[in-house]
Amino acid sequence: MKPLPVELDSLACERDQRELFASLSLRLEPGEILQVAGPNGSGKTSLLRIMAGLLPASAGEIHYGGRSVFHGAGQEDWRRHRLFIGHAPAVKGALTTEENLSWLCALSEPVAVEAIWQALEQVGLRGFEDIPCHNLSAGQHRRVALARLYLERHPVWILDEPFTAIDKAGVAALEKHIVKHAALGGMVIMTTHHGLEHLPGVRQLDMGQLN
Amino acid sequence: MRRVVWLLFCREWRLAWRRPGDLLNPLVFFALVVSLFPLAVGPEPSMLRSMAPGVIWVAALLATLLSLDGLFRSDYDDGSLEQWVLSPHPLALMVLVKVLHHWLLSGLAMVLLAPLFGLMLALPLSSLPVLVLTLLLGTPVLSLLGAVGAALTVGLKSGGVLLALLILPLYIPVLILGTGAMDAALQGMPVTGYALWLGCLAMLALSLAPIAIAAGLRIGVSE
């Protein structure tokens, strides 16, 4: 799947009668990485949740390949093309890492067990296939969720603080994977407080300086 | 699509069996309430018989309500629900599978236990098939309607009392029809009318409740 350009058109978000941001316009081309930065409470997560389709925007539009992602055929495309990993990793403690990943992938497209093992190896969890996730640490939980980035074929990634609780080596591996995804024509939109200046082709959107 | 339904069913099945406590709680509650009544009101068979339909139905209703409070809560807390909402598969279908799975392990188990409690409350053997039939038609309605309330209160820290306030009025028709059918059966009158009404409610709940549950969950995750 090749991504199409994403366009935010004077997007606004209001929460509890407080305006987080307004008239946010932006165009993202395939192959770009967008780092959404800004102080706490500036609306980074809200922006990502609006883009994912979890939160309604109070005004404005998002276009994917020229079609609105809020309804109709554009929404169908967007649903199949974007992958969202939020603050909560969506990992069930009572299920093993393999069962968790198998179900999370099945929500878009079922994958083979071998592919899951490979993805677990990529995130350093080989040998933990049959371990229930409540026996894992917070960082390992996050790694299980991030293993989806090695499994699923979505061209657009929306990642909310993906580096939380991940160790240095893990962060480096993930950065490499993100750059590789962008180099292959994928698109990444992420929030992080971690500096990404050393990565090639990262665009910054500073939510603190919008208003 | 069929594959997702099957995988979801397997997931729910695994989750349920790895936390058997959640599974047993409603059944134990149901058994406790029903078995306390003869102790409290005395063992007079004629009195027990006249009270039995009401006692069994009220116990089943409260046990269902009790078990539904947490139906979506853990999926909401760990972010699974977000992923369900974002999935290209229809959310209404997925919640229908989840609720029916929940009913299989709680509602159906109560239906199967009910004849035993019926005998304990001195119901005549001839009325037990009616008891099973009405519960079989009525408990899915209780589960589906309760799940609507559970979906609407999913974002609240303790939605228990609110859930009861929201849902109990909707339970009343099922309660009246269920106990009405049992009273008719005890007096030797036909129960077809009651059963058909319960069947109608079951069909209505099966077709419309999943849409309402999905809408409630969408609101819940957008908070």
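Considering the protein assembly as shown at the alpha-carbon level, its Rg and Dmax are found to be 25.6, 84 Å. Each helix, a run of at least 4 DSSP H residues, gives -39500 (n - 2.57); summed and divided by the residues of chain B, these come to -28500 deg cm²/dmol at 222 nm.
A simple packing score, the average count of other Cβ atoms within 10 Å per residue, orders the peptides A:104-113, B:183-192 as A:104-113, B:183-192, with the highest score first.
Among the residues of B:81-94, the average count of other protein chain beta-carbon atoms within 10 Å of the residue beta-carbon is 5. Kirkwood's formula applied to the C-alpha pairs of region A:139-211 gives a hydrodynamic radius of 13.1 angstrom.
Seen through its C-alpha gyration tensor, with square-root eigenvalues sorted a ≥ b ≥ c, region B:2-221 comes out prolate because a/c lies at 1.5 or above while a/b is bigger than b/c.
Only alpha carbons enter this Debye calculation for region A:1-146, each as an equal point scatterer, and the log10 of I(q)/I(0) it gives at q = 0.16, 0.20 Å⁻¹ is -0.97, -1.17.
The calculated P(r) of region B:1-126, using every Cα pair and 5 Å bins from 0, goes 2, 10, 18, 19, 14, 11, 9, 7, 5, 4, 1, 0 in percent. In summary, the lysines within cross-link reach of A:LYS2, defined as a Cα separation below 25 angstrom excluding same-chain residues under 8 places away, comprise A:LYS176, A:LYS180.
Since every read-out is calculated from the coordinates, none of them should be taken as a lab result. Note that the structure is predicted; figures quoted are calculated from it, not measured. Cβ sites come from the backbone with ideal geometry, for glycine too, and all protein chains shown count toward neighbours.
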